[in-house]
Each structure stands twice: as C-alpha cells, then as structure tokens.
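Notes follow the structure.
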Amino acid sequence: MKTLAIYSSKGGVGKTATAVNLSYTASTRGKKVLLCDMDAQGAASYYFRIRPRKKFSSKKLLNGRIGEFIRATDFDNLDLLPAHFSFRNLDLALDKLEGARRRQALRSLFSIFAEEYDVLVLDCPPNITLLSENIMVAADSVVSPVIPTTLSLVALEQLLKMFKKVGAEKGRLHAFFSMVEPRKIMHRDVIDKYSKYPIFRSTQIPYLAEVEKMGIYRQPVGAMSKSSRAAMQYSRLWAEIWSRSTVT
Ligand SMILES: Nc1ncnc2c1ncn2[C@@H]1O[C@H](COP(=O)(O)OP(=O)(O)OP(=O)(O)O)[C@@H](O)[C@H]1O
Ligand SMILES: [Mg+2]
C-alpha cells in the first residue's frame with residue numbers, strides 16, 4: 001500500500017478536487033483505493049454524497065476504530081472514510097499523545113489497511129499543525145497543488161521546511177501547477193520560472209469549469225465524462241505521480 005497525502009497549507013488551491021479525482025482515476029485503473037477525508041469541512045465526503053455516521057469521532061479514529069466507519073462509494077474499488085466535525089480537534093487530541101506517537105499516530109493507525117488497499121489517499125485540511133506533521137510522516141508521497149501565484153509558492157516553501165523538520169526526503173514531494181490560467185501573465189511567469197525544479201511534476205491542471213461542476217453533480221470529473229479535458233489531465237497526473245511513488 002502507498003499513502004498519498006494531498007496537502008498544502010494554503011486553502012482553496014485544489015487539494016480536494018485532486019484527492020477526489022486521483023482516487024477515482026486510481027480506482028478505474030484497478031487499484032483498491034481508500035480515500036480518507038481528514039478535513040472536518042468534509043468536502044471530499046460531500047463529492048461522494050456520503051455523510052459521516054454520527055457515532056464517529058476523532059477520539060475513535062485515534063483509538064483505531066476506523067474500519068467500521070469506512071463506506072463504499074458508488075464506484076468499484078473506491079471506499080471512503082468520511083470526515084467528522086470532531087476532526088477539527090484532531091490536533092488537540094494528537095498533542096495529548098506522548099513521545100514518538102505524537103507524530104506517528106496516523107502512520108500506525110493507517111498501517112492496518114496495508115493488505116486491504118493498494119492506495120490510501122489523504123485529503124488534508126489547509127493547516128500547518130501537528131496533524132500536518134503526522135500526515136507528512138504517514139505519507140509515502142505528498143502531492144501539493146500550487147496555483148501559479150506568489151502566495152502559493154510561499155505555502156510550498158513552508159512545506160519544504162516541514163519536510164526538513166520531520167526528516168522527510170524531498171523526493172517524496174510532488175508539486176504540480178493547479179487551476180492554471182495561461183492567459184494570466186503571472187501564471188505564465190511563475191510556471192516559466194519554477195517548473196524546472198525537480199519537485200514539480202510536468203502535468204498541469206488548468207482552470208476548468210468541469211472541475212467546478214463537481215460541486216453540482218457531486219461526482220469525480222471522470223465519472224461525469226471520461227474523455228473531458230479535466231479527466232484526461234487528472235489521469236495524466238495520476239500516472240506521473242504513481243510511476244514515481246512506486247519506485248521507492
Ligand atoms: N482546476 C480547477 N478549475 C476550476 N475550479 C477548480 C479547480 N480546482 C478546484 N476548483 C474549485 O476551486 C474551489 C476550491 O477547490 P478545492 O476545494 O479542491 O480546494 P482545497 O485546496 O481543497 O480547499 P480547502 O483548503 O478549503 O480544503 C472549489 O470550488 C473547486 O471546485
Ligand atoms: Mg479541501
């Protein structure tokens with residue numbers, strides 16, 4: 001099993017869209033996928049029309065009671081662990097743990113799925129907290145959408161600092177340009193300047209109405225139309241990231 005965390009400290013950069021569409025693409029390619037919605041806002045769960053069970057909580061999650069809350073989606077090979085409102089307190093709960101467990105709690109919790117799933121995708125909230133550190137430690141690959149603007153680059157710098165702090169290898173980071181609008185000079189300039197860095201994958205996700213429509217149809221883009229531009233780009237992004245994630 002490989003764990004892919006979709007992470008950026010910046011909000012609204014396309015993390016959830018990426019988590020949902022990469023999970024769906026992986027499942028259509030025969031991988032058994034568990035998408036974990038780690039964001040208390042529950043956007044990934046919303047896209048799959050799944051509500052959390054009231055009885056779920058961050059406490060149960062940290063006690064390893066996860067399996068009973070996993071739900072099947074409408075799609076083969078794709079299961080979801082819905083977010084719960086109490087996940088907003090995950091940081092406080094992690095902070096109460098002692099020693100190495102503070103940073104490694106999520107890694108050991110998710111390890112129980114190693115035989116059951118090929119891919120674990122974590123849709124992360126936009127924070128820089130102990131939860132983010134846990135996510136860095138749990139992930140084999142960290143996938144970070146970057147809108148080609150200066151503020152998104154700041155978030156990427158913060159991520160690199162966190163990688164250093166938790167001792168994660170830079171090779172595990174996959175940044176890509178998200179919500180790209182080529183008619184904007186700033187987007188073109190930032191891409192020209194930064195795409196050469198090895199942390200950037202070559203696939204870009206353009207700003208596309210099809211992605212916005214996920215909120216209306218509540219489906220991954222590939223389920224709405226297999227041959228849409230958005231579906232093709234997420235499919236490419238998946239192939240690029242997966243081929244590198246399986247090397248190590
Ligand atoms: N490539 C895209 N083209 C057009 N709209 C997009 C694209 N990617 C995401 N969006 C839209 O932008 C908004 C934010 O996207 P998304 O929820 O995926 O970001 P996020 O990083 O998960 O946000 P948050 O930090 O709040 O969790 C959503 O309305 C989504 O539909
Ligand atoms: Mg999100």
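The values are calculated or read from the model by the stated rules, or taken from the named source; none is laboratory data. Remember, predicted model here, so these are calculated numbers, not experimental data. Reconstructed Cβ throughout: ideal geometry from the backbone, glycine too, with neighbour counts over all protein chains shown.
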I'd like to check which helices (runs of 4 or more DSSP H) are fully inside segment 1-89 and have at least 2 residues that are of a type outside the set (D, E, K, R), out of contact with any His (no Cβ under 8 Å at 6 or more places or on another chain) and within 16 Å of ligand 1 (Cβ to nearest atom).
15-28, 43-47
Single residue of segment 42-98 satisfying the filter (modelled with pLDDT of 95 or more and loosely packed, with under 14 Cβ neighbours inside 10 Å) that is farthest from ligand 2 (Cβ to nearest atom)
ASP76
Restrict the check to segment 99-106 and report whether at least one residue is part of a loop (DSSP other than H, G, I, E, B) and either more than 16 Å from ligand 2 (Cβ to nearest atom) or within 30 Å of GLY222 (Cβ to Cβ) (or both).
yes
Find the residue count for segment 153-185, including only residues that are assigned to a helix (DSSP H, G or I) and either closer than 18 Å to SER8 by Cβ or of a type in the set (Asp, Glu) (or both).
16
Within segment 162-169, does at least one residue satisfy the condition of being within 19 Å of MET232 (Cα to Cα) and among the aromatic types (Phe, Trp, Tyr)?
no
Top-ranked residue in segment 94-119 [being farther than 19 Å from LEU22 by Cα and acidic (Asp, Glu); ranked as farthest from the chain's Cα centre (by Cα)]
GLU98
Unique residue being under 14 Å from the mean Cα position of the chain (by Cα), farther than 22 Å from ILE205 by Cα and within 16 Å of ligand 2 (Cβ to nearest atom) when the list is LEU131, LEU122:
LEU131
Of all the residues that make up segment 195-226, how many are within 16 Å of ligand 2 (Cβ to nearest atom) and assigned to a helix (DSSP H, G or I)?
5
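Could you tell me whether segment 227-237 includes any residue that is crowded, with 19+ Cβ neighbours inside 10 Å, in contact with a strand residue (DSSP E or B) (Cβ under 9 Å, 6 or more places away or on another chain) and part of a loop (DSSP other than H, G, I, E, B)?
Within segment 227-237, none of the residues are crowded, with 19+ Cβ neighbours inside 10 Å, in contact with a strand residue (DSSP E or B) (Cβ under 9 Å, 6 or more places away or on another chain) and part of a loop (DSSP other than H, G, I, E, B).
Here is a yes/no grid of residues against (1) touching a His at 6+ places or on another chain (Cβ under 9 Å); (2) within 11 Å of ligand 1 (Cβ to nearest atom):
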residue	(1), (2)
ALA155	no, yes
ILE199	yes, no
PRO206	no, yes
ILE216	no, yes
GLN219	no, no
Inside segment 196-217, can you point out the residues that are surrounded by fewer than 16 Cβ atoms within 10 Å (Cβ to Cβ) and farther than 12 Å from SER178 by Cα?
LYS196, TYR197, PRO198, ALA209, GLU212, GLY215, ILE216, TYR217
